[in-house]
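Reviewing the structure listed below.
The values are calculated or read from the model by the stated rules, or taken from the named source; none is laboratory data. Model, not experiment: these values are computed from the prediction. Glycine gets a Cβ as well: all are built from the backbone with ideal geometry, and neighbour counts include every protein chain shown. Calculation scope for accessible area: heavy atoms of the full protein, side chains included, ligands and nucleic acids excluded. Shrake-Rupley method; radii C 1.70, N 1.55, O 1.52, S 1.80 Å.
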Amino acid sequence: MIETAKLAGFCAAHAIWSVSDGETLIPLVGYEDANGERGLVRYAHDDIGDGARAARDALEYNEEGWARAVLVADAYLRTDDGRRDAVIVEAVRYGLTPWSMKVAVPYVPKTAQSDFAVFRPK
């Protein structure tokens, strides 16, 4: 569980860094295999939603046989304050004792009118 959470934190930090300058986040899956080797796959499609669905399928079906994997995508989070941009993180540990978690990291994108800001994970 701890190793999966560490991988999720690394991937979330990478995603926040990616959107900090106003760029679009390409959906990605960070993974670790049974030997501890890490990698990253970006799901660049013409439609960002198609990329997110392809990344979600990769996480769900685990055809590569990863030990753990993390999906990261840009989305909207509904809060009491309304709709907010957020990096969505879904982490999975595969195997005999599977485990998963989902976290959203809300942020305000950098624009001409506002500075970039990150808020507490939900």
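Within the shell of other residues whose beta carbon sits under 10 angstrom from the beta carbon of G39, the net charge comes to -3, with Lys and Arg scored +1 and Asp and Glu -1. Compute the Cα gyration tensor for segment 10-76, then decide on rounded, prolate or oblate, letting a ≥ b ≥ c be the square roots of its eigenvalues: rounded whenever a/c is under 1.5, prolate when a/b is larger than b/c in the other cases, and oblate in all that remain. Because a/c hits 1.5 or more and a/b fails to exceed b/c, segment 10-76 counts as oblate.
For a quick check, take a GNM of the chain with Cα springs below 10 Å and name the residue from A44, A112, A58 with the largest mean-square fluctuation. Among A44, A112, A58, the largest GNM mean-square fluctuation belongs to A112.
Taking DSSP loops as anything outside H, G, I, E and B, show the longest stretch in the chain free of GluC sites (Glu not before Pro) there with at most 15 other beta carbons within 10 Å. In the chain, the maximal stretch lacking such sites is 65-122. Think of it as helices only: each DSSP H run of n ≥ 4 in the chain is worth -39500 (n - 2.57), and spread over all residues that comes to -8500 deg cm²/dmol at 222 nm.
Give me the angle, in degrees from 0 to 90, between the Cα long axis of helix 48-61 and the longest principal axis of the Cα atoms of the chain, rounded to the nearest 10. For helix 48-61, the angle is close to 30 degrees.
Rolling a 1.4 angstrom probe over the protein heavy atoms, how many square angstrom per residue are accessible across segment 21-83?
63
Split the accessible area of the chain by element, probe 1.4 Å, and carbon with sulfur accounts for 51%. Residue separation of S18 and L40 scaled by 0.36 nm, minus their Cα-Cα distance, works out to 6.5 nm of gained length. In the elastic network of the chain, a GNM with C-alpha springs shorter than 10 Å, the most mobile of V29, V92, V108 is V108. Cα centroids of segment 81-122 and segment 21-39: 15 Å apart.
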